[in-house]
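Worksheet: the structure to be examined is printed underneath.
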Amino acid sequence: MKSTLLLFLFLLSSNAYCTIINITVNTRFFAPNSINGTVGDTLNFQWVEGFHTTTCDGTNGSTLPPGANPWDSPMDATTPNFMYIINVPGSYHFICLFHAPLMSGDLNVVLPVELVSFSASAGINHVRLNWTTNYEINNAGFDIERKSAAETWRSLGNVSGHGNTKIPINYTFTDNNVTAGSYGYRLKQLDFNGKYKYYYLAYEVIVGIPEKFSLSQNFPNPFNPSTKINFDLPVSSIVRLEVFDIEGKTKAVLIDGIINAGSHSVELNSSTFTSGVYFYRIKAGEFTSTKRMVLLK
């Protein structure tokens, strides 16, 4: 009667974020003996009676996927618990060394998120990332990270996941205001329980250098109180970017120094300005350009 009741002690919590899978070790059987899990879950073997050795090391009929950690643990009154963290997806067949093949079990493990594609396309000053998941389990979302030869990995933003879904989901993220150079990208997939996995873009992304000097119209325009000014440099240059009023009086110097080749963006905050018409001018080497903008408060 005791063994029969304990058959029902297995609990995979109705909470979708539970990562503990309890397995009772009885006289001649594991309960349950057919289990589905995800990478990062923990098997918790709980001894009830008898003397056993729960084994999954590729011997005596047990099998585990390549790269998985093997286990071979005695189970008795002095060692009533054994915990195993699942680190590799695939099919596992575990046994009791003394009572196999009758006393055995099967574990099927999948990744919390299956990524079927991850690609990038580069513009003059931006990179667009696209990725697709085939299914998602407990997926909170993705942190997007970037690195270059001059910097370590740094976070750019986050895209929310779809939790649990069995249908393909397409995602996109745009990294704006990227200077010319070569970059690596990766996704940090986050579970609701705090676990994570990295997915790396298989190639480096090259952001090109503009072909000519240019100064773009500020946006938005009219504006209040801030606006962005973009400009392109085909070569590294000494740049001076300043704002002046209709009387020619300088109101702000936004840049005054050496700037690398590439596409750049600078923000003007005009909270101390009065409403009216203003001009901004760039000098880069022999290139000069001036444009008009309007502040409306």
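Once Rg and Dmax of the Cα atoms in Å is calculated for the structure shown, the corresponding label among [x] 19.6, 59; [y] 24.7, 73; [z] 30.1, 97 turns out to be [z]. Looking at the range 198-260, which chymotrypsin sites (Phe, Trp or Tyr not before Pro) are DSSP coil and have at most 14 other C-beta atoms within 10 Å of their C-beta? Counting only loop positions with at most 14 other Cβ atoms within 10 Å, the chymotrypsin sites (Phe, Trp or Tyr not before Pro) in the range 198-260 are Tyr203.
Cross-link partners for Lys195 among the aspartates and glutamates, with Cα-Cα distance under 20 Å and sequence neighbours closer than 8 places in the same chain left out: Asp41, Glu114, Glu136, Asp143, Glu145. Spacing of the modelled spin labels on Lys297 and Ile169, each 7 Å from Cα toward Cβ, amounts to 4.5 nm. Normalised per residue, the accessible area of the range 61-139 is 45 Å², obtained with a 1.4 Å probe and no contribution from ligands, DNA or RNA. Here the relative contact order of the chain, from alpha carbon pairs under 8 Å that lie six or more residues apart, stands at 11 percent. Accessible surface for the range 173-254, divided over its residues, is 54 Å² per residue with a 1.4 Å probe.
A full extension of the chain between Glu114 and Arg28 corresponds to an added length of 27.3 nm, given 0.36 nm per residue minus the alpha carbon distance. Spin-label model, Lys249/Ile124: points 7 Å from Cα along the beta carbon direction are separated by 3.5 nm. Of all lysines in the structure, the ones whose alpha carbon falls short of 21 Å from that of Lys188, not counting any fewer than 8 places away in one chain, are Lys147, Lys166, Lys197. In the chain the longest region clear of GluC sites (Glu not before Pro) that are loop-assigned by DSSP and have at most 11 other C-beta atoms within 10 Å covers 1-210.
Exactly which trypsin sites (Lys or Arg not before Pro) in the range 197-248 are in a DSSP loop and have at most 10 other Cβ atoms within 10 Å? Sparse-neighbourhood loop trypsin sites (Lys or Arg not before Pro): Lys212. Per residue, the average separation of C-alpha pairs within less than 8 Å and at least 6 apart gives the range 121-272 a relative contact order of 22 percent. List the aspartates and glutamates whose Cα lies under 19 Å from the Cα of Lys283, skipping any in the same chain that are fewer than 8 positions away. Within the straight-line limit of under 19 Å, Lys283 reaches these aspartates and glutamates: Glu211, Asp232, Glu242, Asp245, Asp256, Glu267.
Surface composition of the chain: carbon plus sulfur atoms hold 54% of the accessible area, using a 1.4 angstrom probe and ignoring ligands, DNA and RNA. Annotation for the range 228-297 versus the range 14-65: alpha-carbon center distance of 66 Å.
A full extension of the chain between Ile238 and Asn158 corresponds to an added length of 25.3 nm, given 0.36 nm per residue minus the alpha carbon distance.
The values are calculated or read from the model by the stated rules, or taken from the named source; none is laboratory data. Because the structure is a prediction, the values reported are computed rather than measured. Neighbour counts are summed over all protein chains in view; Cβ atoms, including those assigned to glycine, are modelled from backbone coordinates with ideal geometry. Heavy atoms of the whole protein, side chains included, go into the accessibility calculation; ligands, DNA and RNA do not. Shrake-Rupley method; radii C 1.70, N 1.55, O 1.52, S 1.80 Å.
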